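Below is one structure, written out as structure tokens, with a few remarks after it.
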Amino acid sequence: MEESKNTYYISVGRGEINRSGKYSPYEFVVNATDEEITKLRYLFDQNQDLGFGGAIRAQTPYVQYHDDEPNQEQDSTLVKIYSLIHDIGDEEAVKHIESMAILPPTKEHPFIQVKGDHENKEEDPLQ
């Protein structure tokens, strides 16, 4: 039996998942199962934790952004968040995320890759 889906309103910048779109601003509307929303909540929590680490690390001015592992981890987590929203979002969410050009590579579009995201995948889309 397929799990029922509910409509949620998502704010990536604020890390919010709401059942109503009336009381808080949102960027995306998704239709998701409880399991999918739990996964999205986990990614938001992980992103927040990485943000705190990055803020502390930012006090070291000589480390450049592209050489900064916490920032790379946070970027990778954001890509995972947007990928999940792309999978469960409404048509407008899907179109917007595709216009951002941040999704992981596929065989059809092998040109985007975030360091570390594709190391443990069974099938490498670049091969």
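When N71 is tested against (1) modelled with pLDDT of 70 or more; (2) surrounded by 16 or more Cβ atoms within 10 Å (Cβ to Cβ); (3) within 13 Å of the chain's Cα centre (by Cα), exactly one condition is not met: (3).
In segment 93-118, of all residues being among the basic types (K, R) and over 25 Å from T33 (Cα atoms), the one that is modelled with the highest pLDDT corresponds to K107. Within segment 13-43, if we keep just the residues that are over 15 Å from D90 (Cβ atoms) and in contact with a helix residue (DSSP H, G or I) (Cβ under 7 Å, 6 or more places away or on another chain), the residue that is surrounded by the most Cβ atoms within 10 Å (Cβ to Cβ) turns out to be L43. Determine whether segment 44-67 contains at least one residue that is surrounded by 16 or more Cβ atoms within 10 Å (Cβ to Cβ), touching a Phe, Trp or Tyr at 6+ places or on another chain (Cβ under 7 Å) and modelled with pLDDT of 95 or more. Among the residues of segment 44-67, not one is surrounded by 16 or more Cβ atoms within 10 Å (Cβ to Cβ), touching a Phe, Trp or Tyr at 6+ places or on another chain (Cβ under 7 Å) and modelled with pLDDT of 95 or more, which makes the answer no.
Looking at the structure I just gave you, is D90 farther than 16 Å from L43 by Cα, of a type outside the set (S, T, N, Q), at pLDDT 95 or above and out of contact with any helix residue (DSSP H, G or I) (no Cβ under 9 Å at 6 or more places or on another chain)? Criteria met by D90.
The values are calculated or read from the model by the stated rules, or taken from the named source; none is laboratory data. Note that the structure is a prediction, hence the values are computed from the model and not measured. Reconstructed Cβ throughout: ideal geometry from the backbone, glycine too, with neighbour counts over all protein chains shown.
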